Structure formats: C-alpha cells, structure tokens
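Trainee: I am attaching a structure below and will ask some questions about it afterwards.
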Amino acid sequence: YLAEKGENAEWNGPSGATYDIDCDSSFFEVKSTTSRNKREVILSNHFQLDPPAGHQLFLVLCQFESAQSGISINSIVKELEGIGYSSIVLNQKLESLGLEFGKSVRNRQYILHAMLQYNVDASFPSIKDSSFVCGHLPQGIKSVTYTVSLDGLNAVNLINNGQASENDDL
C-alpha cells in the first residue's frame, strides 16, 4: 500500500526495529487479527507508540479472514518483488521470523476485510517514557506489555480510503 502511494517504505520489524515500517517522515506500527468484531492491539513495549520528534506515527490494524482463495505471504512477496522490492531480502526477513521458504503457512490464504489506519498523536491511548514520573520505566521494571482498545477512535480504512468508525461493519 505504502509503495503504491509513492512512499519509500522499508519493513524493519523483523530486524528488531522499534516500528514495523519506516518511511522518510513517518513510521507505521502494524498489527493484524482474524477477529472482525474486536478492535484491540497488544503493544509489547513502551517505545512502540512514541515517535521521534518531527515524525508522524500511524498504527495500522489489518483484519483478516481465513479463506480458500485470497492473499498469502508468498503472493505478497511476489507482488512486492513486482514493484521493485528484493525477494531475497524479504525472504531473509521472513526466515528470521520462522517463516522459511517452503513452509505451508506461507501459502495460507486470507481475505483482507479492513486495513484501518490510526494517527498516533497526543490523544491516542499509549504508554511511553513520558507516562512515568521520572520520564522512564520505574527502577526494577524491565518491560511493559499492554492492550489498547481502538473502539471509538477515528480511523481511515485504507482499503477504500473511507472513514471507519467503531460502529462500521467491516
């Protein structure tokens, strides 16, 4: 989606980067689910929703349904290769996630029902360093994992570029 929109997008999530996708002036944290009636995401640390100064951060929730025909990991790799991405690099990143070439899971097919983009700004519910009294995790706390409900938050459905609200039947 981002490449088709002219963004210089790089998938860095498998490399341990803070955000899944880096663009020139924005970052994207991407979450996916096969649940169509629950809009919530689990954040694995307090950095995921805290963009560096001067950059926009978006959270994208992809809602899938398992299907007999649709998109798969392998079909997406082929599609990305067709628009200039290296299939070698993509496959290396997939392998680092345990999705080696030839694994059947890479051929499972899904229908993408919604791809909801949320602007992570000051009003977005998040935990970050500034959430703590001293500006960092309290002594003795190693990490924070938390769940954010997206109900009631404004989103754009990138599939049809339309507005999506908590009551939309996607």
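Trainee: I need the Debye-formula profile for segment 45-117: one equal scatterer per C-alpha, no solvent, reported as log10 I(q)/I(0) at q = 0.15 1/Å, two decimals.
Mentor: -0.71
Trainee: Tell me which residues come under 5 Å, amide H to amide H, from His46 once H is placed; ignore anything under 5 positions away on its chain.
Mentor: Correct list: Val144.
Trainee: Between His136 and His55, how high is the FRET efficiency from 1/(1 + (r/R0)^6) when r is the Cβ-Cβ distance and R₀ = 25 Å? Nearest 0.05.
Mentor: Efficiency for this residue pair is about 0.75.
Trainee: For Phe58, what residues show an amide H to amide H distance below 5 Å, using hydrogens built from the backbone and excluding near sequence neighbours?
Mentor: Here the answer is Phe27, Phe28, Glu29, Val120, since their amide H atoms fall under 5 Å of that of Phe58.
Trainee: Can you give the helix-only mean residue ellipticity at 222 nm for the chain, where every DSSP H stretch with n ≥ 4 adds -39500 (n - 2.57) and the sum goes over all residues, rounded to the nearest 500 deg cm²/dmol?
Mentor: Value at 222 nm, helices only: -3500 deg cm²/dmol.
Trainee: First check a/c for segment 1-75, with a ≥ b ≥ c the square roots of the eigenvalues of its C-alpha gyration tensor; if it is under 1.5, answer rounded, and if not, answer prolate when a/b is larger than b/c or oblate otherwise. Each step should come with its number before you reach the end.
Mentor: On the way: a/c = 2.11, a/b = 1.39, b/c = 1.52.
Cα axes put segment 1-75 in the oblate bin.
Trainee: Putting +1 on Lys and Arg Cβ atoms and -1 on Asp and Glu Cβ atoms, find which of Val77, Leu90, Gly102 reaches farthest to the positive end of the dipole of segment 70-122.
Mentor: It is Gly102, whose Cα lies furthest towards the positive end.
Trainee: Report P(r) for segment 68-159: all Cα-Cα distances, bin width 5 Å, range 0 to the bin holding the largest distance, values in whole percent.
Mentor: 3, 10, 13, 12, 12, 14, 16, 11, 6, 2, 0
Trainee: Right, something else. What residue among Gln63, Gln117, Gln139 shows peak mean-square fluctuation when the chain is described by a Gaussian network model with Cα springs under 10 Å?
Mentor: Gln139
Trainee: State the label only: which of [x] 56, 38, 37; [y] 90, 38, 32; [z] 49, 37, 30 corresponds to Cα extents along the principal axes in Å computed from the shown model?
Mentor: Matching entry in [x] 56, 38, 37; [y] 90, 38, 32; [z] 49, 37, 30: [z].
Trainee: Moving on to the next point. Report, in listed order, any pair from Lys5/Lys128; Lys78/Lys103; Lys31/Lys78; Lys31/Lys142 with a Cα-Cα distance greater than 25 Å.
Mentor: Beyond 25 Å: Lys5/Lys128.
Trainee: Under 11 Å from a point placed 7 Å out from the Cα of Arg108 along the Cα-to-Cβ direction: which residues of segment 44-79 have their backbone N that close?
Mentor: The answer is 65-67, 73.
Trainee: In whole percent, how big is the carbon plus sulfur part of the accessible area of segment 41-157, probe 1.4 Å, protein atoms only?
Mentor: 55
Trainee: Could you check the spin-label model distance between Lys93 and Asp129? Points 7 Å from the Cα along Cα→Cβ, value in nm.
Mentor: Once both label points are built, they end up 2.6 nm from each other.
Trainee: Now, a different point. Skip the ligands, DNA and RNA, and give the accessible area per residue of the chain with a 1.4 Å probe, whole Å².
Mentor: On the way: 10170 Å² over 170 residues.
Each residue of the chain exposes 60 Å² on average to a 1.4 Å probe.
Trainee: From the phi angles alone, apply the Karplus equation (6.51, -1.76, 1.60; θ = phi - 60°) to segment 66-82 and give each ³J(HN,Hα) in whole Hz, x where the residue is Gly or Pro.
Mentor: 4, 8, 6, 9, x, 9, 9, 4, 4, 5, 5, 4, 5, 5, 5, 4, x
The values are calculated or read from the model by the stated rules, or taken from the named source; none is laboratory data. Computed from a predicted model, the values in this text were never measured in an experiment. Neighbour counts are summed over all protein chains in view; Cβ atoms, including those assigned to glycine, are modelled from backbone coordinates with ideal geometry. Each accessible area value is taken on the protein alone, full model and side chains, heavy atoms only, with ligands, DNA and RNA left out. Shrake-Rupley method; radii C 1.70, N 1.55, O 1.52, S 1.80 Å.
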